Amino acid sequence: MIKSKTRVLFRLGDKIFPKFTLICSLIVVAVLVNILIILFIQAWPAIKESGFSFLVGRSWDPVKNAYGALPAVYGTLLSSILALVIAIPISMGAAIFLTEIAPSWLRSIASFIIEILAAIPSVIVGLWGLFVLVPVVRNPIESWLGTHLGALPFFQGPPFGFGFMAAAIILAIMIIPIITSLGRDVLKSVPGAQREAMLALGATRWEMISRAVLPYGRSGLIGAIMLGLARALGETMAVTMVIGNGYRITASLFSPGTTVASKLASDFSESSGLSLNSLIELALILFIITLSVNVIARLLIWRLTSVKGKAD
Amino acid sequence: MDTTKQTETTGSRSFSGNKGYILKAENLRAFYGAFLAVKDVNLDIKPKSITAIIGPSGCGKSTLIRCFNRMHEVTHGARISGKVLLDGEDIYTPGIDPVSIRTRIGMVFQKPNPFPTMSVLENVVAGRRLTSVLSKRTEMEEIAEKFLRQAALWDEVKDKLKQSGASLSGGQQQRLCIARALAVEPEVILMDEPCSALDPIATLKIEDLMRGLAKDYTIVIVTHNMQQAGRVSDMTAFMMMGDDRAGGLIEFGRTDQIFTNPKDKRTEDYITGRFG
């Protein structure tokens, strides 16, 4: 009797639980689709009005009702890619140090500090950027680069402090802890047998890391970098505070610029009508960019892991 | 505790002159931190022969073999005392680079561990590439073919050289790892339970391969499988954990002698299956 009763209960669980999990996953999908639809509806008047010229336009002029997204998209990509250029070597070095080189007592302390760094609210990082980073970027960094490498188009113009350079550095500071901590997890998951295999062939520690550990973890490391990139692309507050809010396309890293996210943050409250619709179209573009980055990252990881086959 | 007996048994097998052994352990002790894992091992290993190290789990067989190519110290806090002589030279002499020792004494591990991001071909030359620049593809292919043939794997993988090393079956992966170790051209190959993750057919293939390799190489194999030791080895060392939890060498001798006429009661008990 009792046995059959519990079995009935279990069966009930079997019926309800799959449906419950299905609903949970549908909610996630629904939110995503909803955001996309709302963005599209809100942006529609701007899409209708500006059309293709929105994507290539270089000015943002509510008076003339002329809106172009290119400087914001350019600024987003430039600052994020520059941030990656700074962040990748540092984070990889730190991740390798934490898994392969540091003594164990230091590993846990350093990991803890890095995790705290990742948890600092971006507005606080932005304040630090405003008061500490920007003056340093102005002098010595930009003035030095201007004097010594001023022939290059990247280092021309007056050293403002506020601009792409400061934005890229602040973004790098914000994504280094993320890439480091994910990268450390990836490297930690590389089996000891892989390390020993390389060592037993007569590899030095560096050869072991570069030829066994890093290749084994490469798909995970790319994933970590892509997540860092996605964070950099969407980062708003800290960038808004240091990028200087100039709507222009220029090779000079000293120049004030803007990103999609910082444009949204600084203009949103004072916009209405077509300029608001245009801002939302801008948001839609950012959404598509980050989505593409994630899809590309997935494809890369999938390609690399399918090559890896059934290895453990 | 049995130092005298060991000396006696190993002594009776000592070979005359410097050529008598290629690898020799002298009063070798292995530690993990303060824990003594292996104590006072004295062992001579004849060139171009197969020496099996047998004994119950936890007796320090793997620890001992890892001392022979300085892989023991890779573990955090691990160290040794005593000597390990390779061609009469102590590999633990201060100033000797463990990296150079490992190119002379290769190792094959318990679980096949090919490099999954490398092709079969790249796996074979992975160690070789550490010491010499192999720029030409034909050069790499020549070396790969030579050692894949030595590892009795060539016929099975000659059409799969570009596939991932991890796409092969378990037995093939292990022979690939053997080919990879051979390609460095070591004098001694250490095998740490190389068949424990393999099925019986793959195991027999590896055993055949080992018999063939013993013509040119010195092989030391750790195995928990007594039959395997009986099938493949010329010499057998029996290890056991003492009351102090440290593993020691109980008896060392010709394999037929150890299996048919062991001198020590504990060896006999183990061989006849009374424990372990």
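Read-outs: derived from the displayed coordinates by stated rules, not from any lab. Computed from a prediction, not measured in an experiment: that's the story for all the values here. Note that each Cβ is placed from the backbone with ideal geometry, even for glycine, and that neighbours are counted across all protein chains shown.
Please compute the average number of Cβ atoms from other chains found within 10 Å of each residue's Cβ in peptide B:107-115.
5
So how do B:K160, B:K215 line up by other beta-carbon neighbours within 10 Å, fewest first? Display every interim value, and only then the final one.
Numbers: B:K160 15, B:K215 7.
So the ranking, lowest neighbour count to highest, is B:K215, B:K160.
Taking the Cβ of A:A95 as the center, what net charge do the other residues with Cβ under 14 Å away carry, scoring Lys and Arg +1 and Asp and Glu -1?
Net local charge, A:A95 excluded: +1.
Any idea how far apart B:T138 and A:M237 come out in nm if each label point goes 7 Å out from Cα toward Cβ?
According to this spin-label approximation, the distance is 6.5 nm.
Using DSSP, restrict attention to beta bridges with both residues in chain B and report what percent are antiparallel, rounded to the nearest 5.
55
Return the distance in nm (one decimal) between the two label points of a simple spin-label model at B:K265 and B:D87, each offset 7 Å from Cα along Cα→Cβ.
Placing both labels 7 Å beyond Cα along the Cβ direction yields 4.5 nm.
Around B:G230, what is the net charge, scoring Lys/Arg as +1 and Asp/Glu as -1 over all other residues with Cβ under 14 Å from its Cβ?
Every neighbour counted, the sum reads 0.
Would you work out which of A:F162, A:N139, A:V123 lies farthest towards the positive end of the dipole of the protein assembly as shown, given +1 charges on the beta-carbon of Lys and Arg and -1 on that of Asp and Glu, about the Cα centre?
A:V123
Taking only C-alpha pairs under 8 Å that are 6+ residues apart, what is the relative contact order of chain A in percent?
On the way: 396 pairs, mean separation 82.8, N = 312.
After rounding, I find 27 percent.
With label points built 7 Å along Cα→Cβ from the Cα atoms of A:C24 and A:S53, find their separation and express it in nm.
Using points 7 Å along Cα→Cβ, the separation is 5.1 nm.
PRE reach from B:S57 (point 7 Å along Cα→Cβ): which of segment B:184-212 fall under 20 Å by backbone N?
B:192-200
How much of the DSSP bridge set in the protein assembly as shown is antiparallel, in percent, rounded to the nearest 5?
Taking every DSSP beta bridge with both residues in the protein assembly as shown, the antiparallel ones total about 60 percent.
Which links in B:K162/B:K205; B:K162/B:K215; B:K48/B:K205 stretch past 21 Å when you go from one Cα to the other?
From the list (B:K162/B:K205; B:K162/B:K215; B:K48/B:K205), the Cα-Cα distance tops 21 Å for B:K162/B:K205; B:K162/B:K215.
List nothing, just return the count: lysine pairs in chain A, 8 or more apart or interchain, with Cα separation under 29 Å.
Lysine pairs meeting both conditions in chain A amount to 9.
Which pairs in the list B:K39/B:K83; B:K24/B:K46; B:K111/B:K158; B:K61/B:K111 are over 19 Å apart, alpha-carbon to alpha-carbon? List each step's numbers first, then the result.
Numbers: B:K39/B:K83 12 Å; B:K24/B:K46 9 Å; B:K111/B:K158 23 Å; B:K61/B:K111 16 Å.
The answer is B:K111/B:K158.
Quantify how strongly other chains surround peptide B:126-133 by giving the mean number of their Cβ atoms within 10 Å of each of its Cβ atoms. Mind showing how you got there, number by number?
Working: counts 7, 8, 2, 4, 8, 3, 0, 0.
Mean inter-chain Cβ contacts per residue within 10 Å come to 4.
Sort B:80-93, A:216-229, A:182-195 by the packing proxy (mean of other Cβ within 10 Å over each peptide's residues), most packed first.
Going by the mean number of other Cβ atoms within 10 Å, highest first, we get A:216-229, A:182-195, B:80-93.
Across peptide A:286-299, what mean number of C-beta atoms from other chains lies inside 10 Å of a residue's C-beta?
0
Add +1 for every Lys or Arg and -1 for every Asp or Glu among the other residues with Cβ under 14 Å from the Cβ of A:P159, and state the total.
Around A:P159, the charge tally is 0.
Counting helices only, and only those DSSP H runs with n ≥ 4, report the 222 nm mean residue ellipticity of chain A as the sum of -39,500 (n - 2.57) divided by its residues, in deg cm²/dmol to the nearest 500.
-23500 deg cm²/dmol
Using alpha-carbon pairs under 8 Å, 6+ residues apart, how would you state the relative contact order of chain B in percent?
In percent, rounded to a whole number, it is 27.
Taking the Cα centre of chain A as the origin and placing charges on Cβ (Lys, Arg +1; Asp, Glu -1), which of A:S91, A:P18, A:L214 is farthest toward the positive end of the dipole?
Farthest towards the positive end: A:P18.
What full-extension length gain, to one decimal in nm, is calculated for A:W105 and A:Q42 as 0.36 nm per residue of separation minus the Cα-Cα distance?
Full extension from A:W105 to A:Q42 adds 17.3 nm.
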